[in-house]
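Asker: Here it is, the structure, as structure tokens.
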Amino acid sequence: MLKIQEIREIIKLIDQTGIEEFKYKTEEGEIKLKKGGAVQVTETAPAAQVPAAPVSAPAPAAPAAQPAPAASEEPKQTEAAPAPASQDENLLEVKSPMVGTFYQSPSPDAPAFVALGDKVKPDSVVCIVEAMKLFNEIEAEINGEIVQILAEDGQLVEYGQPLFLVKPE
């Protein structure tokens, strides 16, 4: 199966082109990527991971229930998020390379990978995104200082969603 770095590179290439959907199939499994959609990985060898799909189905139900009462507030929050970036155009975003659950630390009792004011390097791990019971370490990929954490621990994040704002050095 593809390594996370290879998937990141494919995602970057798709972002730079007009491709809307990408599908890669091998003997070991299959990966499907859609712009503005979800990343779907299917492995054919381990049958134990097939039931993982129903486990992920209830997770979107919780966030879907939250926006329903606050549906009128959702667009306001979306508009407010880019405002800090436009005020300080130097800030860069560390985005989620996949759909999954955001975690700030490697375990519940461990300290967070990064905090506000921490300096990061391109290979610095800033968080974990869990997807289909796989814990993927997300690297900063830039030099700078963490100025804002945009996701909450345990929050479901989408592909391309900004997780951190970093002031580059």
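Asker: Can you give the extra length, in nm with one decimal, that the chain gains between residue 89 and residue 133 once fully stretched, where that is 0.36 nm per residue apart less the Cα-Cα distance?
Answerer: So the chain would gain 12.2 nm between residue 89 and residue 133.
Asker: Let me ask something else about it. So what's the projected area for segment 96-161, the Cα convex hull averaged over all directions, in nm²?
Answerer: 4.1 nm²
Bear in mind that the values in this text are calculations on the coordinates, not laboratory data. Quick caveat: nothing in here was measured; it's all calculated off a predicted structure.
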